[in-house]
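For reference, the structure discussed in these notes is given below.
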């Protein structure tokens, strides 16, 4: 067992959906799961067919609970679709797919929100009943919603992402409600812990998965001030995103589709940045005050996820002890 596996401090990860969930699962395999807390983006949340849906929380729950569909990365494995077939027969909206098992989660969440329970309490109960030890926190119990300014007008995120399959060109992004949202209490407490081992920014879309979390008042400042090393994994490899619209959106917004452009967005937060070897020189040329570490960041298997998670923790642990980080693949 490596030295980093023996360390006992809590780890906090910031995550969106599929990419972040992969690294979170790897972390849960190389450390004690009960010491891992994942703060999830909730700006993708929306109400559909009268139901409160939290896509990133659900992807994290299903992935960490061993329930995720391995072919898609979202939804549940061995899902059935009786509800959707019946809805289609009735002429209802079927652009957002809700499997029967997935539907039960949304019904229960909606019922409890209507009864006055917080999203934090509901998520804690759902994760416990699904048998996982990892703590999943919404970034806020207040409503924050991602709106995209596109060449087809202003679109809610799920309308852009699912209904229109990311086809419209993005001109701007707004997190409606973020300016008045309160950060989740346990998230802020974790960032203030003196023995926090590490903060990990997962390889999720920086624009629509991580930056909504950072937009909640107090979160970015708390990250800058926390005593633990902050380590991010690049979601861009060689100018391409592994999955999703990250590269398309970065290009359309004129940010630059590169690991270096993501590093600039996180520059005030990071102690270390993990990239593929081909991207290291571009990031190093920026001259930012962060260690640049190279590793294999594509997570095709559980072993890949665990290996990358171990690299992330080892880098964080070396930073904590004042040891230089290796820059080898």
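The values are calculated or read from the model by the stated rules, or taken from the named source; none is laboratory data. As the structure is a prediction and not an experimental result, all values here were calculated from the model. Ideal geometry is used to build each Cβ from the backbone, glycine not excepted, and the neighbour counts take in all protein chains shown.
Screening residue 171 on (1) touching a helix residue (DSSP H, G or I) at 6+ places or on another chain (Cβ under 9 Å); (2) surrounded by fewer than 14 Cβ atoms within 10 Å (Cβ to Cβ); (3) at pLDDT below 95 shows it passes everything except condition (3).
Given segment 203-309, what strands (runs of 3 or more DSSP E) lie entirely inside it while holding 2 or more residues that are touching a strand residue (DSSP E or B) at 6+ places or on another chain (Cβ under 7 Å), modelled with pLDDT of 95 or more and within 20 Å of residue 40 (Cα to Cα)? Give the derivation first.
Numbers: elements: 230-233, 272-275, 291-294.
Ranges flagged: 230-233.
Yes/no matrix, rows are residues, columns are (1) under 20 Å from the mean Cα position of the chain (by Cα); (2) at pLDDT 95 or above:
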| position | (1), (2) |
| --- | --- |
| 66 | yes, no |
| 73 | yes, no |
| 99 | no, yes |
| 122 | yes, yes |
| 136 | yes, yes |
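Among the residues of segment 67-92, those identified as under 23 Å from residue 244 (Cβ atoms), assigned to a loop (DSSP other than H, G, I, E, B) and either touching a strand residue (DSSP E or B) at 6+ places or on another chain (Cβ under 6 Å) or free of Cβ contacts under 8 Å to residues at least 60 places away in the same chain (or both) are 67, 69, 70, 71, 72, 74, 75, 77, 79. Within segment 131-146, can one find any residue that is part of a loop (DSSP other than H, G, I, E, B), in contact with a helix residue (DSSP H, G or I) (Cβ under 6 Å, 6 or more places away or on another chain) and exposed (fewer than 15 other Cβ atoms within 10 Å of the Cβ)? Looking through segment 131-146, at least one residue is part of a loop (DSSP other than H, G, I, E, B), in contact with a helix residue (DSSP H, G or I) (Cβ under 6 Å, 6 or more places away or on another chain) and exposed (fewer than 15 other Cβ atoms within 10 Å of the Cβ). Taking the listed residues 155, 191, 187, the one that is touching a strand residue (DSSP E or B) at 6+ places or on another chain (Cβ under 9 Å), without any contact (Cβ under 8 Å) to a residue 40 or more places away in the chain and either buried (at least 21 other Cβ atoms within 10 Å of the Cβ) or more than 23 Å from residue 124 (Cα to Cα) (or both) is 155, with no other qualifying. Of all residue pairs spaced 6 or more apart or on separate chains, those with beta-carbon atoms under 7 Å, a first member in segment 131-142 that is at negative phi and a second member that is part of a loop (DSSP other than H, G, I, E, B) and surrounded by fewer than 24 Cβ atoms within 10 Å (Cβ to Cβ) are 132/65; 140/181; 140/182; 141/118; 142/177; 142/181; 142/182. With respect to the conditions (1) under 25 Å from residue 26 (Cα atoms); (2) modelled with pLDDT of 95 or more, residue 180 lacks only one, and its number is (1).
Residues considered: 219, 262. Of these, the only one that is within 25 Å of residue 9 (Cα to Cα) and crowded, with 21+ Cβ neighbours inside 10 Å is 219. Answer yes or no as to whether residue 233 is buried (at least 17 other Cβ atoms within 10 Å of the Cβ), in contact (Cβ under 8 Å) with a residue 24 or more places away in the chain, farther than 20 Å from residue 169 by Cα and in contact with a helix residue (DSSP H, G or I) (Cβ under 9 Å, 6 or more places away or on another chain). It is true that residue 233 is buried (at least 17 other Cβ atoms within 10 Å of the Cβ), in contact (Cβ under 8 Å) with a residue 24 or more places away in the chain, farther than 20 Å from residue 169 by Cα and in contact with a helix residue (DSSP H, G or I) (Cβ under 9 Å, 6 or more places away or on another chain). Condition check: surrounded by fewer than 15 Cβ atoms within 10 Å (Cβ to Cβ), at pLDDT 95 or above, out of contact with any helix residue (DSSP H, G or I) (no Cβ under 7 Å at 6 or more places or on another chain) and more than 25 Å from residue 37 (Cβ to Cβ). Does residue 91 satisfy that? Yes; evaluated as a whole, the condition is true for this residue.
Every residue, every condition in (1) farther than 17 Å from residue 122 by Cα; (2) in contact with a strand residue (DSSP E or B) (Cβ under 9 Å, 6 or more places away or on another chain); (3) at pLDDT below 95, yes or no:
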residue	(1), (2), (3)
2	yes, no, yes
6	yes, no, yes
14	yes, yes, no
17	yes, yes, yes
22	yes, no, no
28	yes, yes, no
38	no, yes, no
41	no, yes, no
51	no, no, no
